[in-house]
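Only one structure is covered here, and it is reproduced in the block below.
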Amino acid sequence: MKLSVVLATRNEEENIARCLNSVKEIADEVIVFDEHSIDKTVAIAKELGARVFSVNHEEIFHVTKQKAIDKAQGDWILQLDADEVVTPALRKEILSVLSMSSDEILRRTPKDARRSRLFSRHLSLLQSRDGELGERDREIVAFLIPRINMFLGKPLIYGGVYPDGVVRLIKRGKARLPAKSVHEQMQIDGSVAWLFEPLEHWDSPTIKRYLERLNRYTDLSAQDLSNEGVPRNAITLFRYITLEPLKAFLLRYVRHKGFKDGMRGFLWAAFSAWHYPIAYSKYFFNTKV
């Protein structure tokens with residue numbers, strides 16, 4: 001079973017080497033679709049053996065991710081973001097499951113019951129939000145991978161950020177990104193299972209990096225509000241600048257015990273809550289959206 005590793009990138013010189021070095025032992029090919037980076041992303045990727053293709057920037061980054069997926073020739077495809085790192089334990093697990101049958105995969109269980117409950121609950125939440133993920137009782141053609149989110153240099157343990165499951169390992173031709181929204185799930189022609197070992201997600205090593213991402217994602221959320229025809233009026237404005245952020249903060253900081261992560265847990269909950277008033281304000285005051 002050959003494994004292709006694919007990435008879509010844009011100005012990722014700080015992350016790309018760490019990501020590619022984490023998969024060099026398991027990848028039969030590495031493909032990078034780069035959106036005209038103006039830093040050293042392309043040079044670093046080529047130096048580490050990746051095949052690099054230059055493409056125009058897309059507002060919905062999943063368009064570029066899908067182009068990279070389409071280019072892959074492996075039997076299985078591991079789609080990564082440049083700020084993700086495949087841990088040694090995950091590398092071993094990936095190689096193991098690719099040689100298993102669907103029945104063998106289904107017989108696998110996490111090492112502890114708590115993780116099993118977390119994974120089951122997380123999948124239920126994903127499917128209540130996005131609809132059924134894959135199809136039951138068919139060949140397993142995709143895997144959800146849990147992520148450990150690194151915030152200000154350390155992993156966030158609480159605040160509802162684990163397992164943060166993402167579909168990353170897919171059988172070629174059996175999964176596709178609709179490329180309509182930044183929050184979308186893959187369309188999967190078959191069943192989905194869990195891997196148990198984590199990806200490390202280094203998306204917010206500094207507050208500056210977090211705020212840059214917050215600005216980009218709230219732009220996309222503002223566009224989603226426009227597409228959905230959310231009203232522009234005082235009542236809805238009040239909801240998005242008070243009720244939604246308050247609910248988001250309490251959910252992460254109190255219900256999911258973000259306070260156990262100390263000041264980083266407080267900042268994570270607060271920044272997450274800001275997403276709603278920022279996105280709605282961009283939508284409310286910009287008639288072009």
Quick check on the stretch 46-57. Is at least one of its residues buried (at least 22 other Cβ atoms within 10 Å of the Cβ) and either in contact with a helix residue (DSSP H, G or I) (Cβ under 7 Å, 6 or more places away or on another chain) or in the same structural domain as V85 (by TED's automatic domain parsing) (or both)? yes
Could you check the stretch 249-261 and list, in sequence order, the residues that are in a helix (DSSP H, G or I) and buried (at least 16 other Cβ atoms within 10 Å of the Cβ)? F249, L251, R252, Y253, G258, D261
Which is farther than 30 Å from A142 by Cα, of a type in the set (D, E, K, R) and surrounded by fewer than 17 Cβ atoms within 10 Å (Cβ to Cβ), of K208, K180? K208
Which of the following residues is under 27 Å from G258 (Cβ atoms), aliphatic (A, V, I, L, M) and in contact with a helix residue (DSSP H, G or I) (Cβ under 7 Å, 6 or more places away or on another chain): L126, L156, L90, L118? L156
Sole miss for V167 among (1) of a type in the set (A, V, I, L, M, F, W, C); (2) at pLDDT 90 or above; (3) over 14 Å from the mean Cα position of the chain (by Cα) is condition (3)
Which listed residue is buried (at least 18 other Cβ atoms within 10 Å of the Cβ) and touching a Cys at 6+ places or on another chain (Cβ under 8 Å), from V85, V166, V161: V85
Farther than 26 Å from A179 by Cα, assigned to a helix (DSSP H, G or I), charged (D, E, K, R) and more than 24 Å from the chain's Cα centre (by Cα): does that describe R239? yes
Yes/no for L152 being surrounded by fewer than 18 Cβ atoms within 10 Å (Cβ to Cβ), assigned by TED's automatic domain parsing to the domain that holds E93 and within 22 Å of F271 (Cα to Cα): yes
Given the residues L214, L225, L246, which is the only one that is in contact with a helix residue (DSSP H, G or I) (Cβ under 6 Å, 6 or more places away or on another chain) and either over 30 Å from S116 (Cα atoms) or exposed (fewer than 15 other Cβ atoms within 10 Å of the Cβ) (or both)? L225
One residue from R264, R232 being modelled with pLDDT under 95 and outside any helix (DSSP H, G or I): R232
If I filter the stretch 268-289 down to residues being aromatic (F, W, Y) and farther than 21 Å from K208 by Cα, which single residue comes out as modelled with the lowest pLDDT? F285
Quick one: would you say S116 is exposed (fewer than 15 other Cβ atoms within 10 Å of the Cβ), closer than 30 Å to R136 by Cβ, under 21 Å from the mean Cα position of the chain (by Cα) and of a type outside the set (D, E, K, R)? yes
Helices (runs of 4 or more DSSP H) fully within the stretch 54-171 counting 3 or more residues that are without any contact (Cβ under 8 Å) to a residue 24 or more places away in the chain: 113-130
Hits in the stretch 36-53 - residues which are within 15 Å of A68 (Cα to Cα) and part of a helix (DSSP H, G or I): V42, A45
Could you pull out the residue among I235, I278, I241 that is among the β-branched types (V, I, T), surrounded by fewer than 13 Cβ atoms within 10 Å (Cβ to Cβ) and not assigned by TED's automatic domain parsing to the domain that holds V161? I235
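The values are calculated or read from the model by the stated rules, or taken from the named source; none is laboratory data. All figures in this text were calculated on a predicted structure; none of them were measured in a lab. Note that we place each Cβ from the backbone using ideal geometry, even for glycine, and neighbour counts take in every protein chain shown.
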